[in-house]
Amino acid sequence: MTTAPTYIDPHAAIVERCRSNDPKAQYELYKLYKKAMFNVALRIVGDVQEAEDVLQESFLIAFREVSNFKGDASFGLWLKKIVVNKAIRGLQKRRLVFSSLADDTDHPDEASPWPSAHTATEEQVQAIRQAIMRLPDGYRVVLSLYLLEGYDHAEIAQILSISEATSKSQYSRARKKLLEICQQ
């Protein structure tokens with residue numbers, strides 16, 4: 001009889017020190033994750049100041065709730081969920097409205113208008129990032145969660161309290177709008 005391998009977090013010792021409210025350990029974790037978590041927040045909220053606020057508040061929540069971290073996944077994944085939820089709550093406060101129109105499905109067999117990650121120049125990558133920031137909130141959030149953060153439509157629907165069909169249609173519309181912006 002075999003058992004599933006247990007996940008071992010490389011930062012488990014630092015997390016344990018955080019459970020004891022060790023400020024040095026908290027700062028170590030902050031340094032390890034601040035850039036990645038800031039980028040997650042920025043992709044969702046689309047504003048540098050707001051992303052910084054989300055980042056700070058998320059770390060405060062994480063350090064206050066670290067005793068609830070079970071260690072069955074990485075601390076980074078647990079923290080990322082906090083950041084995503086905090087960013088989305090901020091958008092909801094701005095009265096983020098999702099349009100729930102007919103389900104526009106993507107056609108995965110279509111040729112992609114985007115350069116591949118291996119061939120894109122820094123200029124192309126920057127242009128796409130800027131175009132994503134120009135998307136309406138609803139489009140940007142779903143596109144970021146799906147394409148950049150790796151959530152599937154069922155997870156996005158649960159996170160945003162929308163239907164899976166709405167998530168798919170928002171994603172489809174976001175891709176079309178992004179293409180329009182990039183072609184301007």
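Only the coordinates and a few stated rules stand behind these numbers; no lab work does. The shown structure was predicted, so the numbers you read here are calculated from the model rather than taken from an experiment. Don't worry about glycine lacking a Cβ; one is built from the backbone with ideal geometry, like all the others, and counts go over all protein chains shown.
Residue pairs exceeding 18 angstrom between C-alpha atoms, taken from Lys35/Lys176; Lys34/Lys81; Lys35/Lys86; Lys35/Lys80; Lys34/Lys80: Lys35/Lys176. Spacing of the modelled spin labels on Glu65 and Arg129, each 7 Å from Cα toward Cβ, amounts to 2.8 nm. Separation of region 164-184 from region 27-48 is 24 Å, based on Cα centroids. With R₀ fixed at 22 Å, the C-beta to C-beta distance from Gln183 to Leu147 puts the FRET efficiency at about 0.75.
Computed from backbone phi, the HN-Hα couplings of region 149-157 come to 9, x, 6, 8, 5, 5, 5, 4, 4 Hz, rounded to whole numbers (Karplus: 6.51 cos²θ - 1.76 cosθ + 1.60, θ = phi - 60°; Gly and Pro given as x).
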